[in-house]
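What follows draws every value from the coordinates through simple rules; no lab data is involved. All values derive from a computational prediction rather than experimental measurement. Quick reminder, even Gly has a Cβ in these numbers, built from the backbone with ideal geometry, and neighbours come from all protein chains shown.
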Amino acid sequence: MTAHVSAATLQAYATGAMGADDVLAWPVEAHLETCGDCQDRLAGQVTAPVREMLAHTRLAVLAQARNGPPPVRRRRLRRLSHRWASWSVLPWALVTLLAVTAAFLLDEAFAAGSSVVLLLAPVAPLGGLAVAWSRRSDPAWETVSGTARAGIELLLRRTVVVLVIVLLPLAAVGWRLGTNPALWLLPCLAFTAAALLLGGLIGVSRAAALLAGAWVLAVALPTLIADRQPVLIEPASLPGWAVAAVALAGLALLRADDHRHHTSWN
Ligand SMILES: [Zn+2]
């Protein structure tokens, strides 16, 4: 709805003549969320009993805040952990560690074939992103999404945690295998930025699933079946990955506001 809410509709909404389950109430509420003018008009239409109830509630809340027990301060480590991650990331971290170890063992056993570690690197952080920003795996998502820091800031914090969990084992196995670090780092960062960009539109979990599925079906599986190294994980493709990572990260930051919507949590 781009036009303001009509006076008659607003009055019906304010007096309760329009029920909460009335389909007409939904666009009115959606408009009121973002339109300050209509919020002011609504405030002017509130009936005297409702105004009295709101004033009474305000006084009761203030009295409780003044006289009630002091708020319990959570321990520093606990506060930090909630700012940077959700506990649902832990099982995923274990699975990622096992997957990277398995890929490393396969690469060591079949040194002549295509590198499983390099095929895993681009999609390794996607599972973590899907878990860290998901309605299903974070029971507190509704509360979190309503806080002032929700949106790109919190999503980037959780992304940093996911990347640290993924990049440390990848760095260790890459060093043991003698692989050029850029070969696993750049695809990893490019896919992470792509998931953040696409996630603003269709939800981070969906974007992660879509990108991981596309990489596995289009690149990883055909490579393993044909047993040849695709050009995408060869040193020749590094400039392309670097450009993609920078461009996608820039676009993801430009579209940062997409993550203020609930669709980002799909
Ligand atoms: Zn309006």
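Miscellaneous remarks
- Model label sites at LEU238 and ALA3, defined 7 Å from Cα along the beta-carbon direction, differ in position by 6.1 nm.
- Using the average count of surrounding beta-carbon atoms within 10 Å as a protection proxy, the listed peptides 170-181, 195-206 rank, highest first, as 195-206, 170-181.
- Cα-centred dipole magnitude for the chain, charges only on beta-carbon of K, R (+1) and D, E (-1), debye, nearest 20: 1140 debye
- Helical content alone sets the calculated 222 nm signal of the chain at -21500 deg cm²/dmol, taking -39,500 (n - 2.57) per DSSP H segment of four or more residues and averaging over every residue.
- With contacts taken as Cα pairs under 8 Å and at least 6 residues apart, the chain reaches a relative contact order of 20 percent.
- Charge tally in the Cβ shell below 15 Å around LEU118, where Lys, Arg are +1 and Asp, Glu are -1, LEU118 excluded: -2
- Calculated SAXS-style log₁₀ I(q)/I(0) at q = 0.14, 0.16 Å⁻¹ - the chain, Debye, Cα scatterers: -1.01, -1.19
- Max mean-square fluctuation residue, GNM over the chain, Cα-Cα springs under 10 Å, options GLY16, GLY128, GLY213: GLY16
- When ILE233, ILE225 are arranged by Cβ crowding within 10 Å, least crowded first, meaning fewest neighbours, the order is ILE225, ILE233.
- Placing unit charges on the Cβ atoms only, positive for Lys and Arg and negative for Asp and Glu, gives the range 7-67 a dipole magnitude near 360 debye about its Cα centre.
- Extension gain, ALA182 back to ILE225 (0.36 nm per residue minus Cα-Cα distance, nm): 13.0 nm
- Across the range 221-259, no residue has a backbone nitrogen under 12 Å from the label position 7 Å along the beta-carbon direction of VAL160.
- Exposure proxy shown here: for ARG66, ARG79, the number of other Cβ atoms within 10 Å sets the order, fewest to most, as ARG66, ARG79.
- Exposure proxy for ASP258, ASP22: other Cβ atoms within 10 Å of each Cβ, ordered fewest to most, give ASP22, ASP258.
- Scaled against 2.2 N^0.38 Å for its residue count N, the alpha carbon radius of gyration of the range 116-266 is 1.06.
- Projecting the alpha carbon convex hull of the range 26-162 along each direction and taking the average yields 13.6 nm².
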